[in-house]
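Note sheet for the following structure.
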Amino acid sequence: MKTHDLSNIFLPNEGIRKRASSFDKTGGNDDRIYIKPGETKAIFDVHTSGLIEHIWMTELNEGDKEEKDVLRKVLLKIYWEDSVVPQVLVPLGDFFGMGHAMCKNFVSAPLQMSPENGKGFNCFFPMPFKKAAKIEVTNEGKQTLMLYFYIDYEEREFNEEILYFHARWNRKLPKKDFDYSVYKTRHEFLFEGNNIDGKNNYVLLDVKGRGHYVGCHLNIDNFNKETSWDWPGEGDDMIFIDGEKLPSLQGTGTEDYFNTAWCPTQVYNAPYHGIILGGESNWKGKITYYRYHILDPITFKKSLKVTIETGHDNHRNDDVSSTAYFYLDEPSQEVSTILPVEERLPL
């Protein structure tokens, strides 16, 4: 399957360019759709063979007053072929590259939030399908949502095998009864302990099937009131391929997995890794990192489990969330679940 980039844009293409959008069908200027509280609307529903190459969206609540945390209250769902189980089930803001129910200007190769203030959401992950595709948006907020969108795709046939795009969201809320006194010293809390098997690690992705993992973004909200050195990123990534008991891919620290170094705070956007939010003084507050395995996808034949420690040996108690992106040789039929809206909101 050929897709175009600057190196081959001169080659002919057999596909037929198509678009679904929210344009005003009357020819007027009301170029949006309205999704009431509790309502789900299909914004893309085609029965053909094709390839989605670009999705753009922006949103606002009716009356132009933004509902608080709306980007965690609205869900994006994508279905491939005849599946009744969504292969993508992710809060809207998180799907487009960052969490915390926030948007902010940033640039990566597959995902971008563009001006003004990151309100232009863009996805360039290619999404092929052979018979049908459907995209739905569910509004679990309290105000009517006004949604603008473009979905740019090609009608085309595939003679070769394709892999289907998937995305999953996860979150681990901090424990209210967390007892820091179990650590006798600050050094013990930050650096001591042994973690070989990753048993208590935060799970970014746990999936069965054949395919490859193409990356994630990780969000940390550091509520720790400790005034001494409070870097939350001593956690190692541990990735288990095809049922491994011990990870064959073992990392050396959170910032290392995200291709940065030395407890970073600076905002940085590269095509395949970066920092959208670096946290406040002493790494308090909100942090978002991304790492996309576009040039180095992690392949698996039976299963994959992608995990990361929350602090060394999982000693920390932060609010952690993530979106993982991956492809499978067939649409996953695992029942998709997501936390209820009340448990998705920032603390």
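Okay, residues lined up against (1) out of contact with any His (no Cβ under 7 Å at 6 or more places or on another chain); (2) at positive phi:
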{"site": "Arg291", "(1), (2)": "no, no"}
{"site": "Leu295", "(1), (2)": "yes, no"}
{"site": "Ile308", "(1), (2)": "yes, no"}
{"site": "Gly311", "(1), (2)": "yes, yes"}
{"site": "Asp318", "(1), (2)": "yes, no"}
{"site": "Pro331", "(1), (2)": "yes, no"}
{"site": "Glu342", "(1), (2)": "yes, no"}
**Study point:** Among the candidates Leu6, Leu51, residue that is at pLDDT below 95 and either closer than 20 Å to Cys123 by Cα or touching a helix residue (DSSP H, G or I) at 6+ places or on another chain (Cβ under 6 Å) (or both)
**Key:** Leu6
Exercise for review: Output the residue which, of all residues in segment 180-219 that are among the hydrophobic types (A, V, I, L, M, F, W, C) and more than 30 Å from Pro331 (Cβ to Cβ), is farthest from the chain's Cα centre (by Cα).
Suggested key: Val182
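Results for (1) within 24 Å of the chain's Cα centre (by Cα); (2) not acidic (Asp, Glu), shown as yes or no for each residue.
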| residue | (1), (2) |
| --- | --- |
| Ser7 | no, yes |
| Ala20 | yes, yes |
| Phe23 | no, yes |
| Lys36 | no, yes |
| Glu39 | yes, no |
| Ala42 | yes, yes |
| Ile55 | yes, yes |
Review point. Is one or more of the residues making up segment 239-259 open to solvent by less than 70 Å² (accessible area, probe 1.4 Å), polar (S, T, N, Q) and within 30 Å of Phe165 (Cα to Cα)?
Key: yes
**Study point:** Any chance Val320 is crowded, with 20+ Cβ neighbours inside 10 Å and closer than 19 Å to His100 by Cα
**Key:** yes
**Study point:** Hey, Phe158 in contact with a Pro (Cβ under 9 Å, 6 or more places away or on another chain) and not β-branched (Val, Ile, Thr) or not
**Key:** yes
**Study point:** One residue from Leu345, Leu277 being surrounded by fewer than 18 Cβ atoms within 10 Å (Cβ to Cβ) and over 25 Å from Glu192 (Cα atoms)
**Key:** Leu345
Check your understanding: How about segment 111-139: which of its residues are surrounded by 19 or more Cβ atoms within 10 Å (Cβ to Cβ), in a loop (DSSP other than H, G, I, E, B) and touching a residue at least 60 places away in the same chain (Cβ under 8 Å)?
Key -> Phe125
Exercise for review: Take segment 1-40 and flag every residue that is touching a residue at least 40 places away in the same chain (Cβ under 8 Å), open to solvent by 80 Å² or more (accessible area, probe 1.4 Å) and under 30 Å from Phe158 (Cβ atoms).
Suggested key: Met1, Glu14, Ile16, Arg17, Arg19
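Which is at positive phi and at pLDDT 95 or above, of Gly193, Gly209?
Going through Gly193, Gly209 in turn, just one is at positive phi and at pLDDT 95 or above: Gly209.
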Practice item. Working carefully through the options Trp283, Trp262, find the one that is farther than 30 Å from Asp82 by Cα, among the aromatic types (Phe, Trp, Tyr) and in contact with a strand residue (DSSP E or B) (Cβ under 9 Å, 6 or more places away or on another chain). Key: Trp283
Exercise for review: Write out, first by first residue and then by second, each pair whose Cβ atoms fall under 9 Å of each other, whose residues are 6+ apart or on separate chains, and whose first residue, in segment 168-183, is more than 15 Å from Val306 (Cα to Cα) while the second is open to solvent by 60 Å² or more (accessible area, probe 1.4 Å).
Suggested key: Leu173/Glu343; Leu173/Leu347; Pro174/Phe223; Pro174/Leu347; Tyr180/Glu226; Tyr183/Glu192
Exercise for review: Keeping to segment 143-181, report how many residues are open to solvent by 70 Å² or more (accessible area, probe 1.4 Å) and out of contact with any Asp or Glu (no Cβ under 9 Å at 6 or more places or on another chain).
Suggested key: 7
Study note, to complete from the structure: For segment 67-81, pairs from a residue that is of a type in the set (Val, Ile, Thr) to a residue that is assigned to a loop (DSSP other than H, G, I, E, B) and buried (at least 21 other Cβ atoms within 10 Å of the Cβ), with Cβ under 6 Å and 6 or more apart or across chains, are Val70/Gly141; Ile78/Gln87
Check your understanding: Asn269: surrounded by 14 or more Cβ atoms within 10 Å (Cβ to Cβ), polar (S, T, N, Q) and under 18 Å from the mean Cα position of the chain (by Cα), yes or no?
Key -> yes
Exercise for review: Would you check if Met146 is more than 20 Å from the chain's Cα centre (by Cα) and in a strand (DSSP E or B)?
Suggested key: yes
Practice item. Kindly indicate which of Leu190, Leu204 is surrounded by 18 or more Cβ atoms within 10 Å (Cβ to Cβ), touching a residue at least 12 places away in the same chain (Cβ under 8 Å) and assigned to a strand (DSSP E or B). Key: Leu204
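The values are calculated or read from the model by the stated rules, or taken from the named source; none is laboratory data. Because the structure is predicted, anything quoted here is derived from the model rather than measured. Cβ atoms come from the backbone with ideal geometry, glycine included; neighbour counts cover every protein chain shown. Only protein heavy atoms, including side chains, enter the accessible area calculation; ligands, DNA and RNA are left aside. Shrake-Rupley method; radii C 1.70, N 1.55, O 1.52, S 1.80 Å.
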